[in-house]
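The values are calculated or read from the model by the stated rules, or taken from the named source; none is laboratory data. Owing to the predicted nature of the structure, the values given are computational and were not obtained by experimental measurement. With ideal geometry, Cβ positions are generated from the backbone for all residues, glycine too; neighbour counts draw on all protein chains shown. Surface areas here come from the heavy atoms of the whole protein model, side chains and all, with no ligands, DNA or RNA. Shrake-Rupley method; radii C 1.70, N 1.55, O 1.52, S 1.80 Å.
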Amino acid sequence: MNNAHLTAVPHTLKTADRAAHYGHDGAVLWLTGLSASGKSSLSMALEHALTKLGYSCYVLDGDNVRRGLNANLGFSPEHRTENIRRVGEVAALFADAGLICITAFISPYRADRARARQSCLEAFHEIHIAADLATCESRDPKGLYKKARSGELREFTGITAPYEAPEHPELVIDTAGETVAASLEKLVNYVVGKIPFGERTLLETGLP
């Protein structure tokens, strides 16, 4: 069907109504970085920490989304772009609903991340999980770098496919030089500073 025949149906709930209900604004925390940089571990830890603080949030993880919503996509440049386009639109819906959407995707191309930002507008926060290639390859928890080096995996980001690092991210976390706990603390403090939850503070919640 031609999109010209579609009519958007307005919500009766306003953004302010949703913020009043949840106690905070909706947002998209877009974690980008190489495979094994720590995106998934940090995003899941952040979801847990923010929930303890009273935030309503949900993680969209790259591998999880590719098992369902994007199960029909491969890893060609075109499919990577479509993968991120879909995720950007879904993340924007989460934010519009008043939730904090945490995404953990390599999302290697700047243009694709810019498109996601365009979908999410001011709710978008680009967070570069900036572990270098050598560190990520030394970790290699899934054995993907080894497979890429042997030629078993083609078009693998950082080895045979490019990664375009963010030029002006809202936050940079260098997981090569600090512990997961230290990285998580930076993430939580960023969120609390940019997307405050009522009058609560880290001290009041007892978050370690």
Exercise. Give a residue-ordered list of calculated ³J(HN,Hα) values for the range 166-171 (Karplus: 6.51 cos²θ - 1.76 cosθ + 1.60, θ = phi - 60°; whole Hz; x for Gly, Pro).
Key: x, 8, 9, x, 6, 8
Practice problem: Name the residues whose placed amide hydrogens come within less than 5 Å of the amide hydrogen of Ala161, ignoring near sequence neighbours (fewer than 5 apart) on the same chain. | Solution: Phe156
Practice problem: Alpha carbons only, please: Rg and Dmax for the chain, in angstrom. | Solution: 17.8, 55
Self-check item: Distance in nm between pseudo-label sites at Lys194 and Arg86 (7 Å out along the Cβ direction from Cα)
Solution: 2.6 nm
Quiz item: Which residue, Pro166, Pro196, Pro141, tops the fluctuation ranking in a GNM of the chain built on C-alpha contacts under 10 Å?
Solution: Pro141
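Compute the accessible area per residue over the range 16-62, keeping the other protein chains in place, probe 1.4 Å, unit Å².
Values: 1610 Å² over 47 residues.
On a per-residue basis, the range 16-62 sits at 34 Å².
Whenever you get a sec, compute what percent of the accessible area on the chain sits on carbon and sulfur atoms (1.4 Å probe).
Values: 6200 of 11340 Å².
Ligands and nucleic acids excluded, carbon and sulfur give 55 percent.
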Quiz item: For Ile102, which sequence-distant residues (separation of 5 or more, or a different chain) have an amide H within less than 5 Å of its own amide H, given hydrogens modelled in the peptide plane?
Solution: Leu29, Tyr58, Val59, Leu60
Quiz item: Quick one: putting +1 on the C-beta of Lys and Arg, -1 on the C-beta of Asp and Glu, what dipole do you get for the range 89-190 around its Cα centre, in Debye to the nearest 20?
Solution: 400 debye
Quiz item: Most fluctuating residue of Arg149, Arg80, Arg139 in a GNM of the chain with Cα springs under 10 Å: which is it?
Solution: Arg149
Practice problem: Read phi for every residue in the range 175-190 and hand back ³J(HN,Hα) as whole Hz from Karplus 6.51 cos²θ - 1.76 cosθ + 1.60, θ = phi - 60°, with x for Gly and Pro. | Solution: 6, 6, x, 8, 6, 4, 4, 5, 5, 5, 4, 5, 5, 4, 5, 4
Self-check item: the range 128-191, accessible area per residue, ligands and nucleic acids excluded (1.4 Å, Å²)
Solution: 57 Å²
